[in-house]
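Some notes on the structure that comes next.
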Amino acid sequence: MITLPQLPFAFDALQPIISEKTLRFHYEKHHAGYVNTTNTLIKGTDLENKTLEQIILTAASDTVYTKLFNNAAQSWNHTFYWNSLTPEPQKHQISPEFLAQINKDFGNIEELQNLLIEQGLNQFASGWVWLVLNNGSLQVVTTSNADTPLTKPNLKPLLCVDVWEHAYYLDYQNLRKDYLTGVVKNLLNWEFAANNLEQIT
Ligand code: MN
């Protein structure tokens with residue numbers, strides 16, 4: 001069985017960028033729903049005692065598992081998304097080492113922020129925008145629906161932003177760019193990304 005991890009901040013902590021109402025729905029309905037469906041689907045099967053990562057990799061290997069893959073990957077993606085956000089970005093700033101790599105691969109932090117916003121905006125319909133490490137270089141990529149970099153051996157996820165409509169529609173209606181700009185400029189946890197990078201390199 002997999003569990004729904006605790007949200008790393010209070011429901012109202014990300015206001016005004018993300019409202020308490022959006023965060024409650026997103027976590028208690030959407031994220032919890034993916035976790036519950038995953039558990040229903042693995043109950044009584046060989047996957048019941050596997051880790052979430054193992055379940056995702058197995059489910060990605062065969063289309064008979066499509067429903068399980070979607071729910072398991074969404075469970076993982078959402079936990080990664082909550083950890084990518086912080087109500088106190090000043091406490092989780094970019095380290096000099098990480099900034100040096102960002103400058104090398106993107107020019108400067110503003111260029112990286114703009115890429116996250118632009119690519120998140122250009123992701124057609126539902127999906128995710130990610131900062132990843134790809135063969136030693138930082139890169140911004142998007143995935144569709146539940147798809148996750150976890151299943152792509154060359155991509156190591158460092159942080160992500162959810163661009164499904166349920167992530168922003170109550171607050172911004174169709175204005176995905178306003179949501180993305182608010183999140184990318186004000187709520188990203190760069191320390192989380194740097195820690196993920198350190199674990200790889
Ligand atoms: Mn979501």
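Helix 32-42 axis versus longest C-alpha principal axis of the chain: approximately 40°, rounded to the nearest ten. Report summary: the helix-based calculation at 222 nm, which adds -39500 (n - 2.57) for every DSSP H run with n ≥ 4 and divides by the residues of the chain, gives -14000 deg cm²/dmol.
Extents of the stretch 85-201, largest first, come to 38, 32, 22 Å (Cα atoms, principal axes, whole angstrom). Here the 3J(HN,Hα) profile of the stretch 10-16, calculated from phi with Karplus coefficients 6.51, -1.76 and 1.60 at θ = phi - 60°, is 6, 4, 9, 6, 9, 5, x Hz, Gly and Pro shown as x. Scaled to the globular estimate 2.2 N^0.38 Å, the Cα spread of the chain, given as radius of gyration, is 1.00.
Relative to the current alpha-carbon distance between Ser95 and Asn154, full extension at 0.36 nm per residue lengthens the span by 18.8 nm. Treating each Cα of the stretch 20-84 as an identical point scatterer and ignoring solvent, apply the Debye formula and state log10 I(q)/I(0) at q = 0.20, 0.22, 0.25, 0.29 Å⁻¹. Reported log10 I(q)/I(0), two decimals: -0.74, -0.86, -1.04, -1.26. When each of the peptides 178-189, 117-128 is scored by how many other beta carbons lie within 10 Å of its residues on average, the order from highest to lowest is 178-189, 117-128. Between the Cα long axis of helix 96-106 and the first principal axis of the chain there is an angle of about 90°, rounded to the nearest 10.
How do the peptides 160-167, 3-10, 136-143 rank, highest first, by the average count of neighbouring beta carbon atoms within 10 Å per residue?
Working: 160-167: 21.8, 3-10: 13.6, 136-143: 17.1.
Ranked by mean Cβ neighbours within 10 Å, highest first: 160-167, 136-143, 3-10.
Ratio of Rg to Rh for the stretch 72-111: 1.11 [Cα atoms; Kirkwood radius as inverse mean 1/r over pairs].
Full extension from Asn108 to Ile200: what is 0.36 nm times the residue separation minus their Cα-Cα distance, to one decimal in nm? Display every interim value, and only then the final one.
On the way: separation 92, 0.36 × 92 = 33.12 nm, distance 2.22 nm.
My answer for the length gained is 30.9 nm.
Karplus-based coupling profile of the stretch 58-69, in residue order and whole Hz: 5, 5, 6, 7, 8, 5, 5, 9, 3, 5, 5, 4, with θ = phi - 60° in 6.51 cos²θ - 1.76 cosθ + 1.60 and x standing for Gly or Pro.
Bear in mind that the values in this text are calculations on the coordinates, not laboratory data. Quick caveat, the model's predicted, so the values are computed rather than measured. Cβ: placed from backbone, ideal geometry, glycine included. Neighbour counts: every protein chain shown.
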